[in-house]
1. Where the only charges are on Cβ atoms (+1 Lys, Arg; -1 Asp, Glu), what is the dipole of the chain about its Cα centre, to the nearest 20 debye?
2. Relative to the present Cα-Cα distance, how much length would full extension add between VAL182 and ASP376 at 0.36 nm per residue of separation?
3. Which ordering of HIS280, HIS64, HIS211 is given by a fewest-first count of other beta-carbon atoms within 10 Å?
4. Find the relative contact order for the chain and round it to a whole percent, using C-alpha pairs within less than 8 Å whose residues are 6+ positions apart.
5. Hey, quick one: spin label on ASP438, modelled 7 Å out along Cα-Cβ, who in the range 243-262 has an amide N within reach, i.e. under 20 Å?
6. If r is the Cβ-Cβ distance from LEU61 to TYR349 and R0 is 41 Å, what FRET efficiency results, to the nearest 0.05?
7. If you take the square roots of the eigenvalues of the alpha-carbon gyration tensor of the chain and sort them as a ≥ b ≥ c, do you get rounded (a/c under 1.5), prolate (a/b over b/c) or oblate?
8. At a Förster distance of 35 Å, what's the computed FRET efficiency of ARG367 paired with HIS31, Cβ-Cβ distance as r, to 0.05?
Amino acid sequence: MFTYDEAFTNAIFEYCRDRLEHDAPLDFGMHSPVPLPALEGLISADGRDPEEILTFFRDHLAQHVVSIDSPRFLAFIPNAPTKNSLLFDMVVACSGLNGTSWLESAGVVVAENQALEFLARRAGMPEGSGGAFVSGGSSGNLSALTVGRDVGRTRRPDVAPHELRFAISADAHSSIGKALHVLGIEPLLVEPDDHRFTRANLELALAADPHPETVIGIVATSGTTNAGIVDDLEGLGAYAREHDLWFHVDGAYGGAALFSSERELLRGIRHADSFIVDPHKWLFGPLDCCALIYREPARARHFLAQQAGYLDVLHGGDDDHYDWNPSDFAIHLSRRARGLPFWFSLVTYGVAAYESATQSAIDLARRAAERIAATDGLELVRPASLSVVLFRRVGWSEAQYLAWSEELLRSQVAFVTPTKWEGEMVARLAFLHPDTTDELVGQILSSMFD
Ligand SMILES: *Cc1c(COP(=O)(O)O)cnc(C)c1O
């Protein structure tokens, strides 16, 4: 198992080279025209020939995956990793890195921290902000809200811990509700204005609430996943500052708009006590990667540092950075150095390339919206926000949207899934890949009239 096999290594590199060289085929996911193959008997006492199994994977399993990095993938939030980020991910895979601690991985941690610091400064967070790369927005939200809860407990010692709450919008991402569930914390669920959570909404909700003193923090979204709407970050952030509340900004998807013409909308992130953005979404890195950034990392470390006799050697020391253990800033310990592919990509392509790639999705969304508005039988549900467009085919039933979505995938034109908006099923396009074309948008729209 530990012997180098030249031929098979070449076969793997060939496979990867082929993926890198060509646009990812869309493929079919669960809608594949051929059934999933039987895997029975594959795991055996004596093992199988690796080339045979690689071929089996390529020919029989891979087409049951909708490739999220295809420029034709416009559902949910796509992923468009740069070539250099993918290549460097292979370096990470082969390097035996455990990105847990300064002791083991200082050379990795400094590079990841450079990327985190760059993002923090873009977001207007102060010098000294920092954190760690975690597996995704869900995990970043959970870690950030854990720290926010613990800080809130110390600020409100007179409130029973189980009565503490975070104010969240009804449009917050589902992972926020899940994080609160894990933490045993209730939300103060605030009804936003036209899906945008504002300071005025919060003040109204607090005024109507019998126990406003139990609210210890505010969660704002910098780009809702369903519609790309950016909350009133400035107003909510200022409110949090004035009232000593934890301010968390979930920018898993839309935080990347810091690289675009929309960055003014995101100015309020500068108030954040914690902020997340997923490089595996709109910052063109491979899955799975979330940048988790605290305004005062020492607070996070205070509540989340891993404590164990065998880990004591990781803590303490004179060097300023000695203590910078990514494991101290989130709920993980062992950790893939998942920030490195993003760091490598940012360093090698440069910031201007990031700005133009991010902007291209916004521009494409605007052009798509104009086209929809100009098409008889189609109607915008709302203006394009960031890179998301919601629209309806006038008169369509849910069954028609679902059949249309399935047919687009079956014919390998695109992966587009409908969503729910105010109880109504509507069509949704989420742009991200710079290689997605206007021609494809035209083809998708005209397919609604076939
Ligand atoms: C995608 C998303 C999440 C969850 O992130 P994962 O990386 O999928 O765990 C959280 N919040 C928002 C706003 C998102 O778009």
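Please treat every number below as a calculation from the coordinates, not as lab data. All values reported here derive from a predicted model rather than from experimental measurement. Glycine also receives a Cβ, built like all others from the backbone with ideal geometry; neighbour counts cover every protein chain displayed.
1. Here the chain has a charge dipole of around 600 debye.
2. Contour length minus Cα-Cα distance gives 65.1 nm.
3. With the fewest neighbours first, HIS280, HIS64, HIS211 line up as HIS211, HIS64, HIS280.
4. 21 percent
5. 261
6. 0.80
7. It is oblate, given that a/c is not under 1.5 and a/b is not larger than b/c.
8. Efficiency for this residue pair is about 0.75.
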